[in-house]
Amino acid sequence: MQDQLHVDVLVVGAGPAGCTVALNLAPFYKVLVVTHQKPTAKAVGESLPAAASRLMQDMGLWSSFLNEEHQPHRLSKSHWGSSEAHLNDSIRNLDGHGWHLDRHRFDEWILQQARLRGAGFLKCSALNDINFQPYREMWSVEIEVDGRRVQINANWLVDATGRKSFVAKRLGYSPKTMDKLACGWMIGKLSESAEQESEIYAESEGWWYTSVLPNQQRLLAFYTDADLTSAKDAHCHIALLKRAQQLSGLKQTLGQTSFTKSDLKHGFCAANSATLPQYAGHRWLAVGDAAMSFDPLSSQGIFNSLYTGLAASTFVFEELKRNQPRYQVNEYNNALVEIWNTYTNNQSSWYRDQKRWPQSLFWLRRQKGGVL
Ligand SMILES: Cc1cc2nc3c(=O)[nH]c(=O)nc-3n(C[C@H](O)[C@H](O)[C@H](O)COP(=O)(O)OP(=O)(O)OC[C@H]3O[C@@H](n4cnc5c(N)ncnc54)[C@H](O)[C@@H]3O)c2cc1C
């Protein structure tokens, strides 16, 4: 026999975007978040811009977030258009400083906020069927939980599955990939005296990002295109370290960090920009990376997850409140189209500022402003 559940909103994915939708709707409606039974790869990305404070205030999360005592991010240094360092100090930012998040703790915290406000969470091993039943005006989703099949009926369905866009793909909407950016990263042990700033450093085949992490650690990440020979270095921590050592600007960072085997963590992941052809449809919408994923140069991924999560919950709240739904998903769609257009304009302008390696395919692709 199949178990059946009925909810107002079914959210698939429990990252920052899914939890934001859940925590904003759960006080008013029955919300269920479906997550993976097996833990997936740990989320990467730790830099949260200062403007996120406004969103957290709007959502009543501010004091709780401050209590988490994430490390302030006050100073960033970039060697971008020239070899000279450009300093960016948060003192000039009206919103104050940003944060170097303890990403695992942040994701746990936001999930806990959704739970505290009444959202239900269910771990599943598989998501089998997703069907819309027009005669009942609702979704019917079949999942597997501990070997049992559970059918969930929901008025609204939210895709918060990150870069996989799992639900949207099942509905026939595949994300359009804009480039081949990938990231090879390693985490080492920081010495006591290390500086607390983050640093961006452009090189001939891509760019580097380095930042302090909690527990006296430092992240060193190399971004390049997955199809270029430089990506081989990004796959292997020894080659990655060797490549970093050849860059004079990273000398100080490397001198302050131990990347010996016992301290080292290493990974490789996609970091490309991508967007769905549409962000919402009849009784469904996508949030966060499932809707659009950004080049990490922007440091906007988590912010966008909070922003689109809040926008989606406001929209669904209004739709559920009306006895006669309007289904004007265009409002949500249009808001996200605007975000995507702003993002792509900014991204083109950042990459156009870098003119030092006119023969490099990595930079040529971006100077031409499109997928090559
Ligand atoms: C290399 C790199 C560096 C980055 N650095 C930064 C940074 O410094 N600052 C920043 O703001 N952003 C950064 N980002 C982006 C940021 O990490 C993402 O934008 C953010 O995690 C998106 O949140 P999300 O909730 O949309 O998706 P995710 O955090 O990816 O969460 C998706 C969730 O859905 C779950 N899921 C997936 N499929 C299913 C399924 N079928 N069923 C159930 N659950 C499912 C996953 O397990 C996961 O829990 C970086 C990204 C990359 C790749």
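Observations on the model:
- Residue among Gln133, Thr20, Ser313 farthest towards the positive dipole end of the chain, charges placed on Cβ: Gln133
- Beta bridges per DSSP with both ends in the chain, % antiparallel, nearest 5: 70
- At R0 = 35 Å, FRET efficiency that the Cβ-Cβ distance of Asp3 and Glu137 yields, to 0.05: 0.95
- Rounded to the nearest 20, the size of the Cβ-charge dipole of the stretch 1-85 about its Cα centre is 120 debye, with Lys and Arg at +1 and Asp and Glu at -1.
- Charges were assigned to the Cβ only: +1 to each Lys and Arg, -1 to each Asp and Glu. The resulting dipole of the stretch 230-332 about its Cα centre is roughly 280 debye.
- Just so you know, the averaged projected area of the alpha carbon convex hull for the chain sits at 19.5 nm².
- Cα pair distances of the stretch 146-191 binned at 5 Å [whole percent]: 5, 12, 13, 16, 17, 9, 8, 12, 5, 3, 1
- Put a dot 7 Å past the Cα of Thr314, heading toward its Cβ, do the same for Thr342, and the two dots end up 1.2 nm apart.
- Ranked by how many other Cβ atoms sit within 10 Å of their own Cβ, fewest first, the residues Thr314, Thr342 fall in the order Thr342, Thr314.
- Candidates Trp80, Trp357, Trp99: whichever shows maximal mean-square fluctuation once the chain is modelled as a Gaussian network with Cα springs under 10 Å: Trp357
- Computed [θ] at 222 nm, helices only, for the chain once each DSSP H run of length n ≥ 4 contributes -39500 (n - 2.57): -9000 deg cm²/dmol
- Part-to-part distance (alpha-carbon centres) for the stretch 279-337 and the stretch 343-362, which is given in Å: 29
- Among residues other than Val337 with Cβ under 15 Å from its Cβ, the summed charge is -1 (Lys and Arg +1, Asp and Glu -1).
- Counted as membrane-span-like here are DSSP H helices of the chain whose alpha-carbon atoms extend 27 Å or more along the helix's own axis and whose Kyte-Doolittle mean is 0.0 or above; these are 301-321.
- Residue order, fewest to most beta carbons within 10 Å, for Leu219, Leu25, Leu247: Leu247, Leu219, Leu25
- Rounded D (µm²/s) - the stretch 181-270, Kirkwood Rh over Cα pairs, Stokes-Einstein at 20 °C, 1.002 mPa s: 166
- Value of D in µm² per second that Stokes-Einstein yields for the stretch 243-285, Kirkwood Rh from Cα pairs, at 37 °C (0.692 mPa s): 220
- Under conditions of 20 °C and 1.002 mPa s, the stretch 270-313 yields 198 µm² s⁻¹ as its translational diffusion coefficient, taking Rh as the Kirkwood radius over Cα pairs in the Stokes-Einstein equation.
- Taking the convex hull of Cα positions in the stretch 88-208, its mean projected area over all directions (nm²): 13.8
- Charging the Cβ of each Asp and Glu at -1 and of each Lys and Arg at +1, and nothing else, the dipole of the chain about its Cα centre rounds to 580 debye.
- Listed residues Tyr279, Tyr307, Tyr173, most fluctuating in the chain (Gaussian network, C-alpha, under 10 Å): Tyr173
- Cα-Cα pairs of the stretch 214-372 separated by more than 24 Å (percent): 52
- Positive-end residue of Pro358, Leu101, Gln112, charge dipole of the chain with Cβ unit charges: Pro358
- Most mobile of Leu23, Leu220, Leu171 in a GNM of the chain (Cα contacts under 10 Å): Leu171
- Counting neighbouring Cβ atoms within 10 Å and putting the fewest first, the residues Cys124, Cys269 line up as Cys269, Cys124.
- The stretch 148-230: C-alpha pair distances exceeding 19 Å, %: 62
- With the gyration tensor restricted to C-alpha atoms of the stretch 68-121, the semi-axes of the equivalent ellipsoid amount to 34, 13, 9 Å, longest first.
Computed from the coordinates by the stated procedures, all read-outs in this text should not be read as laboratory data. These figures come from a predicted structure and were not determined experimentally. Counting neighbours? That spans all protein chains shown, and the Cβs are built from the backbone with ideal geometry, glycine included.
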